[in-house]
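Structure first, commentary second.
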Amino acid sequence: MISRAILCLTALICGTSAGQKLLQGRDPFGARAEKKIGTLKIPKSDPAGTDIMRFDNGDLIHGKFGGLDDRVLWIRPDIDRLLRVKRDGIRQIVFNSGRPGIHSSKTSHVSLINGDQIPGKIKSLTDKHLILDSPVLGELKIPREQLKSLCPNPFNGKLAYAGPFTSDDWVLLTYPKVEKKKNEEQKEKVDQKEEEEAEVELPNWVYSGAAFFNARDQAPLVRKTDLPDTGRLQFEVSWKGRLNLNIAVHADFIRPIIPEIDGGEEEEGEEAAPSEDDDESPEKKKDEEEETKEDDSGDPAPKHEILWDLKEGNALQSIPWLQRDNTGHSYTFGSSYVLNLSSYSSLYRCEFDDNGKAQIVRLDGPRVSQSLSETGTATVDLRFDRRKRFFILYINGNYAAQWTDPQAFEEKGTSMGFSSSGNCKVRLSNIYVTSWNGLRDSALSMEHEERDVALLINGTDRFSGSLTKIDQDTAHLKTAYAEMTIPVSDISSLELKKSTMADIENEKYLWEDDSPSILLFKPLGRLSLTPKGSSDKTLEGHSPFLGNLKVNLDSATLLRFNDESFDVTDWFNDL
């Protein structure tokens, strides 16, 4: 069971953060855990290669992806032959530990009716086809009936974070370990084997396959991120149990230091020495305190502590930050806004007063009941304007709630965090932090049965009508009142009319296999296809939507052979 747990947990690391309170001794490939960050034991990088092949049973093997035919070709320097692995049982391949060597910072893309997102620059559009210059597929001709939307500037060109493609820069917050007293330790007699087994324990959050999984405790997962004053936090959450998720935004992770109270316990056999100050008058003590304050000979103890001062390096790590005696969002996230996502969502302002006392205020605002079942998946879209103290929440494209803070929030935190309360198991993926143009309309309100809708990057202007063509970086839109020409550089998105979209249930769009494979790209991009063959740099496949494809893997982060399972043995019940 121990070797099984170590092997599976090594798989969860995906070669990026290496170990989460495990890997004591040797891992399955001989890497000894030697370095420590926080309370995590960090092994050396696996010399076998940075690509990772993960199996349905949780096992993995490091190495180098060599391509595929009817089997996956795998290279390891410690094996003198090419490995040919049957595709059956392979869950996914992670390229370069989720860190593509080459990727574009551009976010222009088009969305298809099957959910695919193809990155690229729009060259032209007619009533029949769109021509896309894609960094992953080259010049691509897409039938117009397969298009759902065109997004030349989806985030006004500002993307602060997209992922998680790796676990880099994420931090797990834990409680400090309580040291036992000597007399208690002497009474305990623990078998050596049981001690070794105790070392192998699952962390509160596990990273795997471009997602974070939480299945135990309420330990927060946080990241130092440049959240803009006016922006959006979008992510996909899946859960088992009653959803109760806390999301912190604009968190500074700064809190006052609570002085430790001396319990007065002395070492056995020793007595406390009497103090000459015991009989001093209160006035004399006060004078001495004032003198101490004026004395600059020594460095005074800091009044506040900052989480990020404790962080070491960029690897996923745990930091003993949580306090057992001082609970609440303020002590966890510092000054921040915290959204509690549940059937009735709430927003809290968390901060400290001048005396260092935590203050948590629940903001008033209209709320709509959300039908969040015991198990489900939802796309969450939180839009905020810190300067105007305004927040609006959408779930699955529908309006859910909004709040306006009547009080100014002076703190300037830019970080975010997540924590799950209760017994709910949570999976987080597709996290995006972007700018926001101020548009308060829901995503669903942009869709229309008989009209194409153009939204400009200023966030206020939008026009509906018939998009007749795009050429020479100009969109031609025929409305009921005029024929308009709009520079593509001024357009955030174009939502195409539903009436002209193809029926995805049509038999010509059926897949050869029961479920297609999925390729993910950085910073964004999703492609469904049936793989036919591949080198280590290029993958060939077929899509009933796009036909035969030749995919450049330079910016690929993940090839998922089975898109139906959530992975990590479905929230690692004993793995």
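Structure values in brief
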{"quantity": "Search result, residues across the stretch 111-158 that are closer than 16 Å to I491 by Cα, among the polar types (S, T, N, Q) and in contact with a Ser or Thr (Cβ under 9 Å, 6 or more places away or on another chain)", "calculated": "S111, S149, N153, N156"}
{"quantity": "G525, sole failed condition from (1) on the phi > 0 side of the Ramachandran plot; (2) in contact with a Phe, Trp or Tyr (Cβ under 6 Å, 6 or more places away or on another chain)", "calculated": "(2)"}
{"quantity": "Condition check for V249: surrounded by 10 or more Cβ atoms within 10 Å (Cβ to Cβ), in contact with a helix residue (DSSP H, G or I) (Cβ under 6 Å, 6 or more places away or on another chain), under 25 Å from L393 (Cβ atoms) and modelled with pLDDT of 70 or more", "calculated": "no"}
{"quantity": "Failed criterion for Q472 (all others in (1) in contact (Cβ under 8 Å) with a residue 60 or more places away in the chain; (2) over 30 Å from S346 (Cβ atoms); (3) not hydrophobic (A, V, I, L, M, F, W, C) hold)", "calculated": "(1)"}
{"quantity": "L546 being among the hydrophobic types (A, V, I, L, M, F, W, C), surrounded by 20 or more Cβ atoms within 10 Å (Cβ to Cβ) and either outside the structural domain of K64 (by TED's automatic domain parsing) or touching a Phe, Trp or Tyr at 6+ places or on another chain (Cβ under 9 Å) (or both)", "calculated": "yes"}
{"quantity": "Selection from the stretch 446-495 of residues that are buried (at least 16 other Cβ atoms within 10 Å of the Cβ) and in a helix (DSSP H, G or I)", "calculated": "M446, V488"}
{"quantity": "Residue match in the stretch 326-341 (condition: surrounded by fewer than 13 Cβ atoms within 10 Å (Cβ to Cβ), out of contact with any Cys (no Cβ under 7 Å at 6 or more places or on another chain), under 30 Å from I257 (Cα atoms) and at pLDDT below 90)", "calculated": "yes"}
{"quantity": "Residue match in the stretch 379-395 (condition: closer than 30 Å to S499 by Cα, surrounded by fewer than 18 Cβ atoms within 10 Å (Cβ to Cβ) and not basic (K, R))", "calculated": "yes"}
{"quantity": "Checking W403 against (1) farther than 30 Å from K240 by Cβ; (2) in the same structural domain as D353 (by TED's automatic domain parsing), the condition it does not meet", "calculated": "(1)"}
{"quantity": "Every residue from the stretch 376-433 that is within 20 Å of T225 (Cβ to Cβ), assigned to a loop (DSSP other than H, G, I, E, B) and among the small types (G, A, S)", "calculated": "G413"}
{"quantity": "Residue within the stretch 500-520 that is within 22 Å of L137 (Cα to Cα), among the acidic types (D, E) and not in a loop (DSSP other than H, G, I, E, B) present", "calculated": "no"}
{"quantity": "Any hit, the stretch 503-517, residues being on the phi < 0 side of the Ramachandran plot, touching a strand residue (DSSP E or B) at 6+ places or on another chain (Cβ under 8 Å) and in contact (Cβ under 8 Å) with a residue 60 or more places away in the chain", "calculated": "no"}
{"quantity": "All positions within the stretch 131-178 that are of a type in the set (F, W, Y) and surrounded by 21 or more Cβ atoms within 10 Å (Cβ to Cβ)", "calculated": "F155, F165, W170"}
{"quantity": "Looking only at the stretch 353-380, and only at residues there that are touching a Gly at 6+ places or on another chain (Cβ under 8 Å) and not β-branched (V, I, T), the one that is modelled with the lowest pLDDT", "calculated": "E374"}
{"quantity": "Residue match in the stretch 431-444 (condition: modelled with pLDDT of 85 or more, of a type outside the set (F, W, Y) and touching a helix residue (DSSP H, G or I) at 6+ places or on another chain (Cβ under 9 Å))", "calculated": "no"}
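The values are calculated or read from the model by the stated rules, or taken from the named source; none is laboratory data. Remember, predicted model here, so these are calculated numbers, not experimental data. Heads up, the Cβs are rebuilt from the backbone with ideal geometry, glycines too, and the neighbour counts pull from every protein chain shown.
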